[in-house]
Amino acid sequence: MLETDVLIIGAGPSGLMAAMALAKLGVKVMIVDRRYPGQLYGNADGLQPRTLEIWQSYGILEKFLPRAVYVHALVTYERNKGSGSGLTRSPPIANVVVPSRYPFEMAACIEDIEGALRDALAETAHSVVQPAWPLSIHLRDGNDESIHPVTVVLQSFSNHTMTLNKDATSLSISPHNTIQTVRAKYVIGADGAHSWVRRQINVAMEGDRTEYIWGVVDAHVKTNFPDFRFKCVIQAASGAIIAIPREEEKVRFYVQLSVEEILPTMHKRLNMAELPPHIARMKILEPYHIEFVHVFWSTIFSVSQKIASHFSLKNRIFIVGDACHTHSPKAAQGANASMGDAHNLAWKISWVLRGYASPSLLETYEEERRKYAFELIELDKELAKSLDGQAASGSLFLITSNYSGIGICYTSRLSIPAGDTHFSHLQSGVRLPPHPITRVGDWHPADIQDLARSDGAFKLLIFPGDFLESTVVESIHDLAAHLDLLIPEITSGRLVIYTILNSQKADVCWNELPWQSWKRSVDSKIQTQSS
């Protein structure tokens with residue numbers, strides 16, 4: 001029998017994100033997946049600006065950048081209103097219009113997205129156990145963090161057995177079937193839209209399966225279409241198309257389909273030697289032509305917009321990602337929302353396990369992420385409507401302004417209204433916005449988001465103003481005297497204090513600030529504006 005702090009079932013983006021985050025926080029974690037190594041399911045291909053910020057906070061973004069394509073611009077095409085045929089191009093605009101440290105999307109294959117997370121997980125001496133899948137799960141009562149109340153029975157294949165025949169002329173290799181019992185303090189179900197974990201804890205999916213049907217294809221193309229390296233929203237006479245540039249000169253196309261078009265393929269497996277209907281439909285791009293040189297992958301899907309009735313069972317068994325919310329992939333939100341779930345949950349489990357917080361902290365996972373899931377479904381519905389024969393400009397506004405992940409605002413018990421404040425650009429419940437700063441000690445340039453690393457410590461940011469003002473100096477020293485009670489929190493690593501001065505960097509010496517444990521920076525935009 002094995003024991004672990006957290007057992008994660010499913011090693012897609014959400015499961016890998018949870019495992020990586022927990023392992024980096026020192027939590028004993030085990031992650032299993034039903035796939036064989038190298039086998040893939042799902043084809044998420046886009047990382048939104050907020051996800052890039054989160055990856056940066058874990059220190060995993062830098063290695064991923066060379067694997068992906070930057071998607072900076074977006075173009076819309078609409079059918080000519082006069083003739084009803086042909087397309088009219090609108091001028092390109094920025095793909096992301098909300099303030100962000102990374103004002104672009106990044107597109108990459110699922111192998112590279114999951115690969116970046118697996119590499120980061122491997123750095124913590126953890127890896128995915130696969131193929132393995134659960135047979136049963138049982139939760140017994142108890143809130144003592146020293147016990148392991150969840151028992152999961154796993155079946156796995158390992159230690160292949162080699163057998164010679166009687167004549168020693170041939171060798172057969174068969175996997176060894178292993179049944180294993182795992183006891184865990186917490187279980188996270190990251191096992192997709194058809195989640196086994198969700199079914200076992202009797203959580204229902206609530207919502208609708210829409211009438212919208214789309215085809216998707218990843219391909220190398222030969223074309224005279226001028227914008228195939230931009231993201232494109234195309235409203236042609238016979239339906240909508242979304243085109244997204246991919247790595248290695250690939251392009252992903254989402255093509256709106258009708259029921260009549262997919263009926264011939266509904267009762268048979270698509271043969272790649274045949275021309276899938278969503279590829280055939282590319283003729284609606286006339287007067288431009290597209291020749292598919294090589295098709296890497298294609299599928300047809302209908303859109304479900306559903307949310308789980310609960311995201312946990314007694315705050316011991318949780319579900320994340322597609323296991324608790326499903327929506328269309330057209331705005332590249334599936335993997336992003338899923339990894340956001342894992343990011344939100346991981347630090348809370350870590351704090352409860354360390355004894356830093358009450359188990360009631362875990363209730364805020366559902367409070368925050370289920371509310372966000374509803375907001376995401378509403379946006380998805382609006383996008384679906386805007387792509388259903390309406391002007392492309394409507395889709396353009398939704399995609400550029402709402403799908404970056406930047407505007408998420410939590411209103412749980414962890415978000416305290418700020419009341420009157422001089423910092424009107426800071427909002428309670430919203431992520432720390434990016435802003436350039438300079439470290440006082442060595443004038444090293446950085447971003448304020450770099451102070452908010454995902455390392456399990458709370459950050460106290462103090463903005464006292466201009467250090468040359470005597471009242472500011474007095475206020476800082478007075479605050480330091482009152483913060484003596486936090487010294488144990490600082491020395492234990494639970495709290496880091498940063499002071500952000502509204503001063504010229506040449507006017508401040510780092511040792512003029514109280515406490516050796518305080519970090520000191522100045523607002524870099526002040527330097528730029530004053531020079």
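Quick one: which residue in Glu53, Glu78 is at pLDDT 95 or above and farther than 19 Å from Gly192 by Cα?
Of the residues listed, the single one that is at pLDDT 95 or above and farther than 19 Å from Gly192 by Cα is Glu53.
When Tyr288 is tested against (1) in contact with a Ser or Thr (Cβ under 7 Å, 6 or more places away or on another chain); (2) modelled with pLDDT of 85 or more; (3) assigned to a loop (DSSP other than H, G, I, E, B), just one condition goes unmet, and that condition is (2). Going residue by residue through the stretch 65-82, is there one that turns out to be open to solvent by less than 60 Å² (accessible area, probe 1.4 Å), within 21 Å of Leu345 (Cβ to Cβ) and in a helix (DSSP H, G or I)? No: zero hits.
Is the stretch 49-58 home to any residue that is closer than 27 Å to Gly493 by Cα and of a type in the set (A, V, I, L, M)? Yes, some residue in the stretch 49-58 is closer than 27 Å to Gly493 by Cα and of a type in the set (A, V, I, L, M). Annotation: of all residues in the stretch 178-214 being crowded, with 18+ Cβ neighbours inside 10 Å and of a type in the set (S, T, N, Q), the one that is farthest from Asn43 (Cα to Cα) is Gln200. When the stretch 328-358 is filtered for residues that are over 18 Å from Gly26 (Cα atoms) and part of a helix (DSSP H, G or I), the ones remaining, listed by number, are Gly334, Ala335, Asn336, Ala337, Ser338, Met339, Gly340, Asp341. Within the stretch 448-468, is even one residue farther than 22 Å from Lys24 by Cα, assigned to a loop (DSSP other than H, G, I, E, B) and β-branched (Val, Ile, Thr)? Within the stretch 448-468 (the criterion being farther than 22 Å from Lys24 by Cα, assigned to a loop (DSSP other than H, G, I, E, B) and β-branched (Val, Ile, Thr)), the answer is no, since none of the residues qualifies. Can you find a residue that is open to solvent by 10 Å² or more (accessible area, probe 1.4 Å), touching a Lys or Arg at 6+ places or on another chain (Cβ under 7 Å) and not in a helix (DSSP H, G or I) anywhere in the stretch 13-29? Among the residues of the stretch 13-29, not one is open to solvent by 10 Å² or more (accessible area, probe 1.4 Å), touching a Lys or Arg at 6+ places or on another chain (Cβ under 7 Å) and not in a helix (DSSP H, G or I), which makes the answer no.
All conditions in (1) modelled with pLDDT under 70; (2) part of a helix (DSSP H, G or I) hold for Leu275, with the sole exception of (2). Looking at the stretch 311-357 only, could you name the residues that are hydroxyl-bearing (Ser, Thr, Tyr) and over 24 Å from Glu206 (Cβ atoms)? Across the stretch 311-357, the qualifying residues are Ser350, Tyr356.
For Gly10, the conditions (1) at positive phi; (2) open to solvent by 10 Å² or more (accessible area, probe 1.4 Å) are fulfilled apart from (2). Taking the criterion of being among the β-branched types (Val, Ile, Thr) and either touching a residue at least 60 places away in the same chain (Cβ under 8 Å) or surrounded by fewer than 13 Cβ atoms within 10 Å (Cβ to Cβ) (or both), the only residue of the stretch 470-483 that qualifies is Thr471. Mind counting the residues in the stretch 224-244 that are part of a strand (DSSP E or B), open to solvent by 10 Å² or more (accessible area, probe 1.4 Å) and among the hydrophobic types (A, V, I, L, M, F, W, C)? Qualifying residue count for the region: 1.
Checked against the criterion of being crowded, with 21+ Cβ neighbours inside 10 Å, charged (D, E, K, R) and not in a strand (DSSP E or B), the stretch 102-114 has at least one qualifying residue. The condition of being open to solvent by 10 Å² or more (accessible area, probe 1.4 Å), at pLDDT 90 or above and either among the polar types (S, T, N, Q) or out of contact with any His (no Cβ under 8 Å at 6 or more places or on another chain) (or both) holds for only one of Val259, Val221, that being Val221.
When you go through Val508, Val430, Val496 one by one, which is the residue that is farther than 30 Å from Val352 by Cβ, among the aliphatic types (A, V, I, L, M) and either open to solvent by less than 80 Å² (accessible area, probe 1.4 Å) or at pLDDT 85 or above (or both)? Full working, then the answer.
Details: Val430 fails: farther than 30 Å from Val352 by Cβ; Val496 fails: farther than 30 Å from Val352 by Cβ.
Selected residue: Val508, the only one of Val508, Val430, Val496 that is farther than 30 Å from Val352 by Cβ, among the aliphatic types (A, V, I, L, M) and either open to solvent by less than 80 Å² (accessible area, probe 1.4 Å) or at pLDDT 85 or above (or both).
Quick check on the stretch 433-461: of everything there that is more than 28 Å from Glu367 (Cβ to Cβ) and hydrophobic (A, V, I, L, M, F, W, C), which residue is most open to solvent (accessible area, probe 1.4 Å)? Selected residue: Trp443.
May I ask you to verify whether Phe467 is surrounded by 14 or more Cβ atoms within 10 Å (Cβ to Cβ), within 21 Å of Asp507 (Cα to Cα), modelled with pLDDT of 85 or more and of a type in the set (Phe, Trp, Tyr)? Taking the combined requirement at face value, the residue does not satisfy it.
The values are calculated or read from the model by the stated rules, or taken from the named source; none is laboratory data. A quick note: this is a predicted structure, and the numbers were derived from the prediction, not measured. Neighbour counts are summed over all protein chains in view; Cβ atoms, including those assigned to glycine, are modelled from backbone coordinates with ideal geometry. For accessibility, only protein heavy atoms count, side chains too; no ligands or nucleic acids. Shrake-Rupley method; radii C 1.70, N 1.55, O 1.52, S 1.80 Å.
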